[in-house]
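Q: Quick one: structure below, then a few questions.
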Amino acid sequence: MASQTSSRVAEQPLNVVLRPNSLAEAAYRSTVLAPGFTADPSLDLRYLGGKTIPRLTFTNVYLGAWDAAERTNLDRALAGAMADPHLNNVLAQYFTGQVGSTFAGSLAHAGAVPARVYRDTVETLVTELDQGGALAALDLAASTVCLLLPHGAVLVDGDSHGHGNQVDSLHGLGGYHGSVHVSRGGRKRETVYYAVSVYSEGGNGVVAFPEPWQNVCATLYHELCEVRTDADVEDAIRAGTT
(Lines give C-alpha, C1' and ligand atoms only; values in the text may rest on other atoms or scores of the structure.)
Protein backbone atom coordinates (compact mmCIF):
# COMPACT_ATOMS: atom_id res chain seq x y z
CA MET A 1 0.00 0.00 0.00
CA ALA A 2 2.84 2.41 0.86
CA SER A 3 4.44 2.29 -2.58
CA GLN A 4 1.10 2.74 -4.33
CA THR A 5 0.17 5.64 -2.09
CA SER A 6 3.45 7.50 -2.47
CA SER A 7 3.44 7.25 -6.28
CA ARG A 8 -0.17 8.25 -6.88
CA VAL A 9 -1.01 11.83 -7.82
CA ALA A 10 -4.64 12.75 -7.23
CA GLU A 11 -6.08 15.20 -9.75
CA GLN A 12 -9.07 16.37 -7.76
CA PRO A 13 -10.12 19.27 -5.54
CA LEU A 14 -8.73 18.86 -2.05
CA ASN A 15 -11.08 18.26 0.89
CA VAL A 16 -8.68 16.60 3.33
CA VAL A 17 -6.37 17.37 6.27
CA LEU A 18 -2.89 15.87 5.84
CA ARG A 19 0.25 15.47 7.96
CA PRO A 20 3.26 17.23 6.37
CA ASN A 21 5.81 14.94 4.73
CA SER A 22 3.56 11.89 5.07
CA LEU A 23 2.48 9.27 2.55
CA ALA A 24 -0.97 10.84 2.60
CA GLU A 25 0.46 14.23 1.60
CA ALA A 26 2.37 12.58 -1.24
CA ALA A 27 -0.83 11.02 -2.55
CA TYR A 28 -2.40 14.46 -3.04
CA ARG A 29 0.70 16.32 -4.16
CA SER A 30 -0.90 17.61 -7.38
CA THR A 31 -1.14 21.04 -5.70
CA VAL A 32 2.62 21.34 -5.08
CA LEU A 33 4.91 22.84 -7.73
CA ALA A 34 7.35 20.31 -9.15
CA PRO A 35 11.07 21.16 -9.26
CA GLY A 36 11.91 23.37 -12.22
CA PHE A 37 8.46 24.98 -12.50
CA THR A 38 7.68 28.55 -11.56
CA ALA A 39 4.46 30.15 -10.34
CA ASP A 40 1.98 31.09 -13.08
CA PRO A 41 -0.58 33.79 -12.14
CA SER A 42 -3.01 32.41 -14.71
CA LEU A 43 -3.32 29.32 -12.51
CA ASP A 44 -4.23 31.27 -9.37
CA LEU A 45 -7.35 30.33 -7.43
CA ARG A 46 -10.48 31.73 -9.09
CA TYR A 47 -14.07 31.80 -7.97
CA LEU A 48 -16.08 29.68 -10.41
CA GLY A 49 -19.51 30.19 -8.89
CA GLY A 50 -19.54 27.30 -6.42
CA LYS A 51 -21.59 27.35 -3.24
CA THR A 52 -20.23 29.13 -0.18
CA ILE A 53 -21.76 29.28 3.31
CA PRO A 54 -20.84 32.50 5.16
CA ARG A 55 -23.14 31.75 8.12
CA LEU A 56 -22.55 28.08 8.94
CA THR A 57 -24.35 26.01 11.58
CA PHE A 58 -22.59 22.87 12.80
CA THR A 59 -23.19 20.04 15.24
CA ASN A 60 -20.77 17.48 16.70
CA VAL A 61 -21.58 13.77 16.78
CA TYR A 62 -19.27 11.70 18.98
CA LEU A 63 -18.97 8.11 17.80
CA GLY A 64 -18.20 5.29 20.22
CA ALA A 65 -16.60 5.90 23.61
CA TRP A 66 -15.46 9.44 24.47
CA ASP A 67 -14.29 11.00 27.71
CA ALA A 68 -16.83 13.55 28.98
CA ALA A 69 -14.16 16.17 29.71
CA GLU A 70 -12.72 15.85 26.21
CA ARG A 71 -16.18 16.37 24.72
CA THR A 72 -16.73 19.48 26.81
CA ASN A 73 -13.32 20.92 25.94
CA LEU A 74 -13.69 20.16 22.25
CA ASP A 75 -17.20 21.57 21.96
CA ARG A 76 -16.13 24.79 23.65
CA ALA A 77 -12.88 25.18 21.69
CA LEU A 78 -14.35 24.47 18.27
CA ALA A 79 -17.31 26.78 18.82
CA GLY A 80 -14.90 29.49 19.98
CA ALA A 81 -12.59 29.09 16.98
CA MET A 82 -15.47 29.17 14.51
CA ALA A 83 -16.86 32.35 16.07
CA ASP A 84 -13.53 34.12 16.61
CA PRO A 85 -13.67 37.48 14.76
CA HIS A 86 -9.96 37.50 13.96
CA LEU A 87 -10.07 34.02 12.43
CA ASN A 88 -13.24 34.92 10.54
CA ASN A 89 -11.52 37.99 9.13
CA VAL A 90 -9.11 35.65 7.35
CA LEU A 91 -12.08 34.12 5.51
CA ALA A 92 -13.69 37.47 4.67
CA GLN A 93 -12.00 37.47 1.23
CA TYR A 94 -14.34 34.65 0.17
CA PHE A 95 -17.56 36.47 0.98
CA THR A 96 -19.38 39.72 0.39
CA GLY A 97 -21.31 39.68 3.69
CA GLN A 98 -20.63 38.95 7.34
CA VAL A 99 -18.90 35.68 8.24
CA GLY A 100 -19.97 33.72 11.32
CA SER A 101 -21.17 30.43 12.73
CA THR A 102 -23.66 28.83 15.10
CA PHE A 103 -22.85 25.79 17.23
CA ALA A 104 -25.98 23.61 17.43
CA GLY A 105 -24.67 21.44 20.25
CA SER A 106 -23.39 17.88 20.29
CA LEU A 107 -24.64 14.36 20.80
CA ALA A 108 -23.26 10.90 21.41
CA HIS A 109 -23.96 8.12 18.92
CA ALA A 110 -23.95 4.77 20.66
CA GLY A 111 -22.70 1.61 19.02
CA ALA A 112 -19.47 -0.02 17.99
CA VAL A 113 -17.20 1.78 15.56
CA PRO A 114 -15.30 -0.41 13.07
CA ALA A 115 -11.52 -0.54 13.27
CA ARG A 116 -11.31 1.03 9.79
CA VAL A 117 -13.87 3.67 8.86
CA TYR A 118 -14.31 4.12 5.11
CA ARG A 119 -15.98 6.94 3.20
CA ASP A 120 -19.06 4.82 2.48
CA THR A 121 -19.22 3.99 6.20
CA VAL A 122 -19.27 7.71 6.95
CA GLU A 123 -21.87 8.48 4.29
CA THR A 124 -24.15 5.67 5.47
CA LEU A 125 -23.95 6.95 9.03
CA VAL A 126 -24.76 10.52 7.97
CA THR A 127 -27.81 9.25 6.06
CA GLU A 128 -28.95 7.18 9.06
CA LEU A 129 -28.58 10.19 11.38
CA ASP A 130 -30.79 12.24 9.08
CA GLN A 131 -33.38 9.51 8.61
CA GLY A 132 -33.46 8.94 12.37
CA GLY A 133 -34.29 12.58 13.03
CA ALA A 134 -31.01 13.57 14.67
CA LEU A 135 -30.55 16.38 12.13
CA ALA A 136 -34.20 17.41 11.86
CA ALA A 137 -33.66 20.80 13.49
CA LEU A 138 -30.89 21.80 11.07
CA ASP A 139 -31.26 23.88 7.94
CA LEU A 140 -29.35 21.47 5.73
CA ALA A 141 -28.48 24.14 3.17
CA ALA A 142 -26.34 25.97 5.72
CA SER A 143 -25.32 23.23 8.16
CA THR A 144 -22.63 20.61 8.65
CA VAL A 145 -22.59 17.51 10.84
CA CYS A 146 -19.16 16.75 12.32
CA LEU A 147 -18.39 13.09 12.99
CA LEU A 148 -15.70 12.46 15.60
CA LEU A 149 -14.10 9.02 15.59
CA PRO A 150 -13.05 7.50 18.92
CA HIS A 151 -9.59 6.49 20.09
CA GLY A 152 -8.02 3.80 17.89
CA ALA A 153 -10.32 3.98 14.86
CA VAL A 154 -8.54 4.42 11.52
CA LEU A 155 -10.06 6.76 8.93
CA VAL A 156 -9.77 5.91 5.22
CA ASP A 157 -10.27 8.26 2.26
CA GLY A 158 -11.77 5.62 0.01
CA ASP A 159 -14.65 3.17 0.15
CA SER A 160 -14.78 -0.34 1.52
CA HIS A 161 -14.72 -1.78 -2.03
CA GLY A 162 -11.26 -0.39 -2.80
CA HIS A 163 -12.35 2.71 -4.72
CA GLY A 164 -10.72 6.08 -4.03
CA ASN A 165 -7.21 6.89 -2.88
CA GLN A 166 -7.39 4.44 0.06
CA VAL A 167 -5.09 6.76 2.01
CA ASP A 168 -5.61 6.26 5.74
CA SER A 169 -4.92 8.05 9.01
CA LEU A 170 -2.02 5.73 9.86
CA HIS A 171 -0.20 7.39 6.96
CA GLY A 172 -1.02 11.04 7.62
CA LEU A 173 -4.72 11.57 6.94
CA GLY A 174 -6.46 13.68 9.60
CA GLY A 175 -9.95 14.10 8.20
CA TYR A 176 -12.04 15.24 5.26
CA HIS A 177 -15.39 16.74 4.36
CA GLY A 178 -18.04 15.82 1.83
CA SER A 179 -21.76 15.49 1.29
CA VAL A 180 -24.54 12.97 0.80
CA HIS A 181 -27.93 13.39 -0.86
CA VAL A 182 -31.05 12.43 1.07
CA SER A 183 -34.82 12.59 0.60
CA ARG A 184 -36.95 13.90 3.45
CA GLY A 185 -40.60 12.87 3.56
CA GLY A 186 -40.89 12.36 -0.19
CA ARG A 187 -39.70 15.87 -0.93
CA LYS A 188 -36.99 16.73 -3.42
CA ARG A 189 -33.48 15.52 -2.77
CA GLU A 190 -31.50 17.55 -0.25
CA THR A 191 -27.78 17.68 0.54
CA VAL A 192 -26.30 16.90 3.95
CA TYR A 193 -22.80 18.30 4.43
CA TYR A 194 -20.44 16.49 6.78
CA ALA A 195 -16.90 16.63 8.14
CA VAL A 196 -15.12 13.72 9.79
CA SER A 197 -12.02 13.63 11.99
CA VAL A 198 -9.87 10.83 13.31
CA TYR A 199 -8.82 10.87 16.98
CA SER A 200 -5.29 12.10 16.30
CA GLU A 201 -2.68 10.67 18.66
CA GLY A 202 0.60 8.82 18.28
CA GLY A 203 0.92 7.60 14.70
CA ASN A 204 -2.77 7.92 13.88
CA GLY A 205 -3.88 11.18 12.25
CA VAL A 206 -2.23 14.60 12.43
CA VAL A 207 -0.63 15.36 15.79
CA ALA A 208 0.23 19.03 16.40
CA PHE A 209 -0.85 19.61 20.01
CA PRO A 210 -0.31 17.81 23.34
CA GLU A 211 -3.90 16.61 23.75
CA PRO A 212 -5.77 14.49 21.16
CA TRP A 213 -8.94 16.59 21.50
CA GLN A 214 -6.92 19.66 20.52
CA ASN A 215 -5.78 17.90 17.35
CA VAL A 216 -9.38 16.94 16.56
CA CYS A 217 -10.44 20.55 17.08
CA ALA A 218 -7.78 21.78 14.65
CA THR A 219 -8.81 19.21 12.03
CA LEU A 220 -12.49 20.05 12.26
CA TYR A 221 -11.84 23.79 12.22
CA HIS A 222 -9.90 23.29 8.98
CA GLU A 223 -12.66 21.19 7.46
CA LEU A 224 -15.48 23.53 8.51
CA CYS A 225 -13.63 26.43 6.90
CA GLU A 226 -13.41 24.37 3.72
CA VAL A 227 -17.14 23.66 3.91
CA ARG A 228 -17.75 27.40 4.17
CA THR A 229 -15.69 28.13 1.06
CA ASP A 230 -16.23 25.01 -1.07
CA ALA A 231 -19.33 23.22 0.18
CA ASP A 232 -19.99 21.02 -2.86
CA VAL A 233 -16.48 19.72 -3.41
CA GLU A 234 -17.69 16.12 -3.05
CA ASP A 235 -20.03 16.53 -6.00
CA ALA A 236 -17.16 17.99 -8.02
CA ILE A 237 -14.97 15.00 -7.18
CA ARG A 238 -17.73 12.53 -8.13
CA ALA A 239 -18.31 14.36 -11.41
CA GLY A 240 -14.59 14.57 -12.18
CA THR A 241 -14.67 18.38 -12.41
CA THR A 242 -12.51 21.02 -10.71
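The values are calculated or read from the model by the stated rules, or taken from the named source; none is laboratory data. All figures in this text were calculated on a predicted structure; none of them were measured in a lab. We work out accessible area using only protein heavy atoms, side chains counted, and drop any ligands, DNA or RNA first. Shrake-Rupley method; radii C 1.70, N 1.55, O 1.52, S 1.80 Å.
Q: Jot down the per residue volume, in cubic angstrom and as a whole number, of the convex hull over the alpha-carbon atoms of the stretch 113-226.
A: Values: hull volume 12.3 nm³, N = 114.
With only Cα atoms used, the stretch 113-226 gives 108 Å³ per residue.
Q: What list of ³J(HN,Hα) couplings, whole Hz, do you get for the stretch 57-70 from phi and the Karplus terms 6.51, -1.76, 1.60, once you set θ to phi - 60° and write x for glycine and proline?
A: Each residue's phi maps through the Karplus curve to give 9, 9, 9, 9, 10, 8, 9, x, 8, 10, 6, 4, 5, 5 Hz.
Q: Restricting things to alpha carbons, find the Rg to Rh ratio for the stretch 179-242 using the Kirkwood radius for Rh. Intermediate results must be reported in sequence, preceding the final value.
A: Working: Rg = 15.3 Å, Rh = 13.7 Å.
Checking Rg against Rh, the ratio lands at 1.11.
Q: While we're here: What is the ratio of the Cα radius of gyration of the stretch 41-155 to 2.2 N^0.38 Å, with N the residue count, to two decimals? Don't skip to the answer; put the middle values down first.
A: On the way: Rg = 16.5 Å, N = 115, 2.2 N^0.38 = 13.4 Å.
Against the compact-globule rule of thumb, the ratio is 1.24.
Q: Hey, any idea what % of the chain's accessible area is carbon plus sulfur with a 1.4 Å probe?
A: On the way: 6510 of 12040 Å².
About 54 percent, which is the carbon plus sulfur part of the accessible surface.
Q: Now for a separate question. Where Rh denotes the Kirkwood radius from the mean inverse Cα pair distance, what is Rg over Rh for the chain?
A: Working: Rg = 17.5 Å, Rh = 18.5 Å.
Taking Rh as the inverse mean 1/r over Cα pairs, Rg/Rh reads 0.95.
Q: Provide the per residue accessible area, probe 1.4 Å, for the chain, rounded to a whole number of square angstrom.
A: Accessible area per residue: 50 Å².
Q: If I take every Cα pair under 8 Å that is 6 or more residues apart in the stretch 102-200, average their sequence separation and divide by the length, what percent do I get for the relative contact order?
A: Normalised by residue count, the contact order of the stretch 102-200 is 32 percent.
Q: What list of ³J(HN,Hα) couplings, whole Hz, do you get for the stretch 198-211 from phi and the Karplus terms 6.51, -1.76, 1.60, once you set θ to phi - 60° and write x for glycine and proline?
A: So the J values, rounded to whole Hz, are 7, 7, 7, 7, x, x, 10, x, 10, 9, 10, 10, x, 9.
Q: Would you kindly derive the ³J(HN,Hα) couplings of the stretch 174-182 from the backbone phi angles with the Karplus curve 6.51 cos²θ - 1.76 cosθ + 1.60 (θ = phi - 60°), listing them in order in whole Hz, with x for Gly and Pro?
A: Those phi angles translate into x, x, 7, 10, x, 7, 10, 9, 10 Hz.
Q: For Asn21 and Leu107, calculate 0.36 nm times their separation in residues minus their Cα-Cα distance, and state this gained length in nm to one decimal. Walk me through the numbers on the way to the answer.
A: On the way: separation 86, 0.36 × 86 = 30.96 nm, distance 3.44 nm.
Going from the current span to full extension adds 27.5 nm.
Q: Also, I was wondering about something else. What is the gain in length, in nm to one decimal, between Gln98 and Ala137 on full extension, counting 0.36 nm per residue of separation less the C-alpha to C-alpha distance? Numbers along the way, then the final one.
A: Working: separation 39, 0.36 × 39 = 14.04 nm, distance 2.32 nm.
Extra length available between Gln98 and Ala137 comes to 11.7 nm.
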